[in-house]
Amino acid sequence: MHRHDRSTEVLTQAVIRYAIERTRLDPPPLDGPRTAAELHAMVGTTISSRGMGGLEALRVFADVLAPACISVDHPRFWSFVPTAPTEAAILFDLVVGASAIYGGSWMEGAGAVFAENQALRWIADLAGFPPGAGGVFVPGGTYGNLSALTAARERWRGRTGDDRRAVIVCSSGAHSSLKSAAKVMDAEVVMVAADVAGRMTGAALRAAIADAPAAITERVCAIVATSGTTNAGVIDDLTAAADVAAELNAWFHVDGAYGAAALAAPSVRSQFIGVERADSLIVDPHKWLFAPYDCCALIYRDPLEARAALSQHAEYLDVLQADENEWNPSDFAFGLTRRARGLPFWFSLAAHGTAAYTDAIEASLTLTRETTALIATIPELEVVGEPELSVVMFRRLGWQPADYYAWSARLLADGTAFVTPTSWNGETILRLCFVNPRSTLDDVRETLATLG
Ligand SMILES: *Cc1c(COP(=O)(O)O)cnc(C)c1O
């Protein structure tokens, strides 16, 4: 099966043709899940000692398995945070897969790491980080947050010698991955109550610190601010978070997994003031920077601090560490072997130029504003909070939670759109998250028309 012959040639053509055709579907079918029992009835057991043949496996995937996966890049997928990879990024992902690049070390992956680092530099410059900043592409924001907070904890422990549990301060509007990271690290979380808009204000952060006993505040290793909360798309008071972190001698981490893409959007850039003071920042190119899954950019102000915390050492790895000046991506995150997962993002960015990214991000911000204005004209609907980035939350007056869930399920079953309810201060409401430049106001209008 490692030799290229006529049948692998046929398979190659078929697989490449499938990939190209899927990439060009505009729009792709929305599709939707099936139960394991249904899938089993349709495909049976696919693994056998003799194999079913590549063309048959491809047919099973194309006819049954792929349609049982929602197309997250569908222009009417507005749940959670969608994805909208460019054609260039998707196709280059195939190239990365074909190239057997080990992205963990400079020695093995110099060319790839060099390119990834230029893409990271673009983000670092948008954030206003110093020339020495740098980092690594990791699988997702969850890994990015964990790695950054581990570096924060190690710095605190190294400075204080304190062997108690570290404390991480974040907002009740922060992403669930922060609590998950704290659990993995066996750290404690101090949760600052977000304001009615879902934002962590400087006043609330200061009050939480002032109210906490010294036994807590002296263990604070990191203050985390979110620049674009997942539910509401709002940005915490980054300047206040930076100030409080400085006062406590703590690390300042900015979780921009969803929202920091908008650093490239002039119309909202001023909302991010303070991000330039962060010790670390994450942003997921697989969310609003048009890269395929999975890709999170993790950038440190001082990468050496991260390296001290996260680098792995062993007899068989020392050869990789021989040259101090070589950039080994695996030094900067939890994990060793890595796919050069920043390359599809780099390729598309290099090919299209950063101005195209700015335009594509602004398109979603414009659609957000237009949608907010449209909702204001529909009597049964009411916007909840003023959108700051590309999330619109709104309620359907008179609806109970069951109405929202039934509507959402019907919409998906019809292949119209994918909009899941969320909850906001205990109330079930609707939420649209825009990252796809192919989504239009007509898409929104037709979808909202089904709420009558
Ligand atoms: C999506 C998200 C995460 C988690 O990122 P994954 O890539 O899903 O692991 C973390 N923080 C915020 C603010 C997010 O929106």
If you go through region 380-389 one residue at a time, do you hit one that is surrounded by 22 or more Cβ atoms within 10 Å (Cβ to Cβ), under 30 Å from Pro329 (Cβ atoms) and in contact (Cβ under 8 Å) with a residue 60 or more places away in the chain?
yes
Looking only at region 190-202, which residues are more than 17 Å from Tyr258 (Cβ to Cβ) and open to solvent by 50 Å² or more (accessible area, probe 1.4 Å)?
Met191, Ala193, Asp195, Val196
Which pairs have Cβ atoms under 6 Å, sit 6 or more apart or on different chains, and link a residue in region 406-431 that is over 14 Å from Arg76 (Cβ atoms) to one that is among the basic types (Lys, Arg) and open to solvent by 40 Å² or more (accessible area, probe 1.4 Å)?
Ile429/Arg395
Any residue in region 130-146 that's touching a residue at least 60 places away in the same chain (Cβ under 8 Å) and under 16 Å from Phe345 (Cα atoms): show its pairings with residues that are more than 9 Å from the ligand (Cβ to nearest atom) and aromatic (Phe, Trp, Tyr) at Cβ separation under 6 Å, as long as the two are six or more apart or on different chains.
Gly135/Tyr300; Gly135/Phe332; Val136/Phe332
Would you please name the residue that is nearest to the ligand (Cβ to nearest atom), looking only at residues in region 233-249 that are of a type in the set (Gly, Ala, Ser) and buried (at least 24 other Cβ atoms within 10 Å of the Cβ)?
Gly233
Filtered residue count, region 314-338, keeping only those that are open to solvent by less than 60 Å² (accessible area, probe 1.4 Å) and polar (S, T, N, Q):
3
Qualifying residues in region 122-151 (those that are closer than 18 Å to Gly335 by Cβ and either modelled with pLDDT under 95 or more than 16 Å from the ligand (Cβ to nearest atom) (or both)) - the one surrounded by the most Cβ atoms within 10 Å (Cβ to Cβ):
Ala151
For region 68-121, how many residues meet the condition of being surrounded by fewer than 19 Cβ atoms within 10 Å (Cβ to Cβ), within 20 Å of the chain's Cα centre (by Cα) and aromatic (Phe, Trp, Tyr)?
1
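Name the residue, out of Val95, Val81, that is among the hydrophobic types (A, V, I, L, M, F, W, C), at negative phi and touching a Cys at 6+ places or on another chain (Cβ under 6 Å).
Details: Val95 fails: touching a Cys at 6+ places or on another chain (Cβ under 6 Å).
The conditions single out Val81.
Yes/no per residue for (1) under 25 Å from Pro85 (Cβ atoms); (2) buried (at least 24 other Cβ atoms within 10 Å of the Cβ); (3) within 14 Å of the ligand (Cβ to nearest atom); (4) in contact (Cβ under 8 Å) with a residue 24 or more places away in the chain:
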site	(1), (2), (3), (4)
Phe252	no, yes, no, yes
Ile273	no, no, no, yes
Leu289	yes, yes, yes, yes
Pro303	no, no, no, yes
Anything in region 7-37 that is open to solvent by 80 Å² or more (accessible area, probe 1.4 Å), among the charged types (D, E, K, R) and under 18 Å from Arg59 (Cβ atoms)? List them, or say none.
Arg17, Glu21, Arg34
Cβ pairs under 9 Å, 6+ apart, first in region 189-212 and within 11 Å of Val234 (Cα to Cα) and touching a residue at least 60 places away in the same chain (Cβ under 8 Å), second among the charged types (D, E, K, R) and open to solvent by 60 Å² or more (accessible area, probe 1.4 Å):
Ala197/Glu386
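The values are calculated or read from the model by the stated rules, or taken from the named source; none is laboratory data. Owing to the predicted nature of the structure, the values given are computational and were not obtained by experimental measurement. Because the Cβ atoms are built from the backbone with ideal geometry, glycine has one as well, and the counts that use them run over all protein chains shown. The protein model used for the area step is the full one, side chains on, heavy atoms only, and it has no ligands, DNA or RNA in it. Shrake-Rupley method; radii C 1.70, N 1.55, O 1.52, S 1.80 Å.
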